[in-house]
Amino acid sequence: MNNPAASAPQERHRVVLEITVNGRPERLEIEPRQTLLEVLRDGLGLMGAKEGCGSGKCGACTVLLEGRPINSCILLAVQAQGAEVTTIEGLAKNGRPHPLQQAFVDKGAIQCGFCTPGMILTAKALLDKNPDPGPEEIEEHLSGNLCRCTGYSKIVEAVLSAAEEMKGGRS
Amino acid sequence: MRISGFEYHAPASLDEALGILSHLGPEARPLAGGTDLIPQMKHGLRPGCLVWLGNLAELKGLTWNRDEVRIGALTLHADLAGDRELQSRLPVLARAISLIGSWQIRNTATLGGNLCNASPAADSAGPLMALGSSVVLAGPGGEEEMPLGLFFQGPGETALRPGQLLKEVKVPLPHGPSAGCYLKLMRKKAVDLALLGVAVQASADESGSRLRSLSIGLGGLAPTPIRAGKAEAVLAGLSLDQARKALDQAVDLACGEISPIDDVRATASYRRTVARVYLGRGLNTVLDRLAGKEGEGLS
C-alpha cells in the first residue's frame, strides 16, 4: 500500500502503545516523542530504571527488550510497540529476590545503587545467553553500564557468584 | 532533555515507507535504531516528521549466496557480531561490529544507520570497504547499486537523494584461503568511537603462498572511510615472503593517502603516528594468518 494517508498522523498526536511489561500487558496512550524510559517511569510508575546521562552512554536506564539489554533513554517508546519489556521490578519471584539481586547485596556490589538496576538487568541478559561466563566476558558485557562507586570488582564477583548459584538450580 | 513533538509514521513495508518519504519531502527523517538520531533530538534537532522503519521485516537479516552475502540495512549490530557464519567467513567485519558502542547500543543500532550517518570513523565502514562491498538504494524511481566508496561523500554526507533509503549491503565472499584483521584505536578499552580503524583483508591463491588480493580500509583518517589503493597495488600478486619485504613501502604509501584532522578526541599527528603502527601490525597479522600462524593474538 503506497498511500501515505493510510498512516497519516494528526498534529501533536497521541498513539496507543501496547507493550508487555514484566509479564503484564499494558495499553497506554502516549506521545511519539516520549522515550521508553519516560513511559516506564511517568506512565507506569516503575522507578527502577534511572536517567543518568540521558544519551545512551551510562546504562543506568537499561531495561530488557525481548530479553536484550537496551538503553531506554534513547529509545522512543513507539519503537517498543508490541514488544516485551523487563525492568528490575520484574525480577523478584514470589517475594524472593533474583539470585543476581541477592548476590549484589551479599557481595557489596551496591553502594549508591543508581546504576544497580541497569547493571543487574544487563548481567541477567548475559547469564540467560551464557550461564557460565568468565570475568572477562562479564566485564565486556557490562562495559555499557557505568558505576561511579564500586570500582566494578565486586560487581563482577557478584555476577560470578550468582551464576554459580543459578547453576546449582537452587533458584 | 525532552524531545520536541514531531509527526510520526510507522510504515509496514518498504513500498509504504518510500511513499511516505516522497510525500513528506525533506522534513521527514527515517528512524532506524535511533541511537544517533534520538540523542541529537534531545540536544535540539527538530525534524518535522519521523518515519520509523522498524516494521520493515524485509530489510532485516542476512542472505547468503554463493558469491556474496546480502545484509539488510536494518540488521542489528548485535545480530551481526553474534552471527556464527559471519564470524567464520568474514571475521574482519564481525570483529569490527562487535566493537561498536556498548552491548545496549548494538542491540538497538543497525548497520544501515551506521553507514547512513557517514561518520568517517564508522567501525563497519572500513571493513566493508576492504571487502569491496556495494550498497543498494531504494527510491521512488526504483533501486540503484553503487560501490560503498561512492556512497560516502563527506563527513555526515552520503549519496542518498531525498526520498531514498539504504536497502541492503552486498558483500562479496572470499574464495580460497583468506584472512582479515581489524584494529581500532580507542581512548579506553570499550564503548568509544574509533580514533582510527584499520581493516585489512587478503586472500591467497590455491597454493596459499601468493597474494591474490589484499585490501586496506581505513576509518577516521580522511573525510570519509577510504581504501589505501596505492599500498594495495604494491602488494597485489606478491608471494607472502615478498609481501613481507614490501611491507614498509606499503605502509609509507598508505600513510601518504591519509589526511587525519585534529579534533576533540585526538590530534592529527597522534592519529598519523598510530596509523603507521596499526597499518604495519594489521598487514603483518593478515600475512601471518594466511601463512597459518595466529598473528600475535590480535583481532
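Tally up the residues in region A:141-155 that are in a helix (DSSP H, G or I), within 14 Å of chain B (Cβ to nearest Cβ) and either touching a Cys at 6+ places or on another chain (Cβ under 6 Å) or of a type outside the set (S, T, N, Q) (or both), please.
Counting residues in region A:141-155 that are in a helix (DSSP H, G or I), within 14 Å of chain B (Cβ to nearest Cβ) and either touching a Cys at 6+ places or on another chain (Cβ under 6 Å) or of a type outside the set (S, T, N, Q) (or both) gives 3.
What do you reckon, is B:D67 in contact with a helix residue (DSSP H, G or I) (Cβ under 6 Å, 6 or more places away or on another chain) and acidic (D, E)?
It is false that B:D67 is in contact with a helix residue (DSSP H, G or I) (Cβ under 6 Å, 6 or more places away or on another chain) and acidic (D, E).
Counting only residues that are assigned to a loop (DSSP other than H, G, I, E, B) and touching an Asp or Glu at 6+ places or on another chain (Cβ under 6 Å), how many does region A:89-137 have?
Count: 1.
Go over the candidates B:R289, B:R227, B:R271, B:R265 one by one and state the one that is of a type in the set (D, E, K, R), within 24 Å of B:S133 (Cα to Cα) and out of contact with any helix residue (DSSP H, G or I) (no Cβ under 7 Å at 6 or more places or on another chain).
Answer to the selection: B:R289.
Tally up the residues in region A:80-98 that are buried (at least 24 other Cβ atoms within 10 Å of the Cβ) and within 11 Å of chain B (Cβ to nearest Cβ), please.
1
For region A:37-44, does any single residue satisfy the condition of being surrounded by fewer than 17 Cβ atoms within 10 Å (Cβ to Cβ) and modelled with pLDDT of 95 or more?
Within region A:37-44 (the criterion being surrounded by fewer than 17 Cβ atoms within 10 Å (Cβ to Cβ) and modelled with pLDDT of 95 or more), the answer is yes, since at least one residue qualifies.
Tell me, which helices (runs of 4 or more DSSP H) lie completely within region B:26-136 with 1 or more residues that are β-branched (V, I, T) and either in contact (Cβ under 8 Å) with a residue 12 or more places away in the chain or away from chain A (no Cβ under 12 Å) (or both)?
Hits in region B:26-136: B:37-42, B:91-98, B:103-106.
Suppose the filter is more than 13 Å from the chain's Cα centre (by Cα), acidic (D, E) and at pLDDT below 95; does A:E18 pass it?
no
Residue check, B:E85 against (1) buried (at least 21 other Cβ atoms within 10 Å of the Cβ); (2) touching a Phe, Trp or Tyr at 6+ places or on another chain (Cβ under 7 Å); (3) within 28 Å of B:Y182 (Cβ to Cβ); (4) not basic (K, R), all met but one. Which one?
(1)
The values are calculated or read from the model by the stated rules, or taken from the named source; none is laboratory data. All values derive from a computational prediction rather than experimental measurement. Please note: Cβ atoms are built from the backbone with ideal geometry, for glycine as well, and neighbour counts cover all protein chains shown.
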